[in-house]
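Student: Take a look at the following structure, please.
The values are calculated or read from the model by the stated rules, or taken from the named source; none is laboratory data. Quantities reported herein were computed from a predicted structural model and do not represent experimental measurements. Glycine also receives a Cβ, built like all others from the backbone with ideal geometry; neighbour counts cover every protein chain displayed. Keep in mind that these areas ignore ligands, DNA and RNA; they rest on the heavy atoms of the full protein, side chains included. Shrake-Rupley method; radii C 1.70, N 1.55, O 1.52, S 1.80 Å.
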Amino acid sequence: MAAEPPSTEAPAAERRLRIAIVFAGDGEAEHALPRRLREQGHDVFAIDTKLGGWRHDVLRGDGAAWLVDAVRSGWFDAVFMAPPCSSFSVRHPVKLRSRASPEGVQPMPPEWAAYVRKHNRLAAFTAELMRAATAARVPFACENPADRGCDSSGAGWEEAADHGSLWRLRCIADALQEAGASSFTFAQCGRVRL
């Protein structure tokens, strides 16, 4: 009986990971995830228009296609997404979404229509990245405000129960179901009177 040759791959805890952080914000604040992961020795690709301007705009063709292809090919070891949350948040000054209409209330206040359409496109892109990561068997995480209408999550809030969260969008729900994803819910935004 022959012994197996020793593995040349470093243990996961010691291996330098290549991580995509999409919608990273400025990425270099002391508490920011990109900075913390870099401090631990990982290769971090922080993607956000606040960092790279139009070159990081995932709604533009070339950069978006490159990112989806890189994720689908398994080039990244992990993907973290934090799509803009303001239109999904109970803290938004105007109610733009509801549980029954998470894509946007009708009638939509005209001054907010383009804003909501853009956030819906960003959510659809997020779902596309989730599917690419699932296809490549690359772990992913997505962060956004809790669904306040889901009492079983621990973040339920009666006064805000009718708001429409990212998690209620069909594209996101379908991508998470296809991935067999687990959810970890916590009250992200402070409770405010509506």
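Student: Residue-wise, which Karplus ³J(HN,Hα) couplings in Hz belong to segment 43-56, taking 6.51 cos²θ - 1.76 cosθ + 1.60, θ = phi - 60°, and x for glycine or proline?
Tutor: Karplus-based 3J(HN,Hα) across segment 43-56 equals 8, 10, 10, 8, 10, 6, 5, 5, 9, x, x, 4, 5, 9 Hz.
Student: If DNA, RNA and ligands are ignored and the probe is 1.4 Å, what is the ranking of Ser101, Ser89, Ser73 by accessible area, most exposed first?
Tutor: My answer, sorted largest first, is Ser73, Ser101, Ser89.
Student: Would you pull out the residues with amide H under 5 Å of Phe80's amide H, same chain only if 5 or more places away, H placed 1.01 Å from N?
Tutor: Amide H to amide H, under 5 Å and 5 or more residues apart or across chains, Phe80 pairs with Ala20, Ile21, Val22, Ala141.
Student: Can you compute the radius of gyration and Dmax for segment 63-162, using only the Cα atoms, both in Å?
Tutor: 15.6, 44
Student: While we're on this one: Kindly provide the trypsin sites (Lys or Arg not before Pro) of segment 49-101 that DSSP labels as loop, not H, G, I, E or B, and whose Cβ sees at most 16 other Cβ atoms within 10 Å.
Tutor: Arg60, Arg91, Lys95, Arg99
Student: Could you give each residue of segment 167-184 its phi-based ³J(HN,Hα) in whole Hz, using Karplus coefficients 6.51, -1.76, 1.60 with θ = phi - 60°, and x for Gly or Pro?
Tutor: For segment 167-184, the Karplus curve yields 5, 8, 5, 4, 4, 6, 4, 5, 5, 5, 5, 4, 7, x, 6, 9, 10, 10 Hz.
Student: Any idea of Asp48's accessible area? Nearest 10 Å², probe 1.4 Å.
Tutor: Around 20 Å² of this residue is reachable by solvent.
Student: Whole-Hz Karplus ³J(HN,Hα) for segment 62-79, in order, using 6.51 cos²θ - 1.76 cosθ + 1.60 and θ = phi - 60°, x for Gly and Pro?
Tutor: After applying 6.51 cos²θ - 1.76 cosθ + 1.60, I find 4, x, 5, 5, 4, 5, 4, 5, 5, 5, 4, 7, x, 4, 8, 8, 7, 10 Hz.
Student: With the Cα gyration tensor of segment 28-104 giving a ≥ b ≥ c as the square roots of its eigenvalues, does the rule (a/c under 1.5 for rounded; else a/b larger than b/c for prolate; else oblate) give rounded, prolate or oblate?
Tutor: prolate
Student: Taking the radius of gyration and the Kirkwood hydrodynamic radius from Cα positions alone, what is the Rg/Rh ratio for the chain, to two decimal places?
Tutor: 1.03
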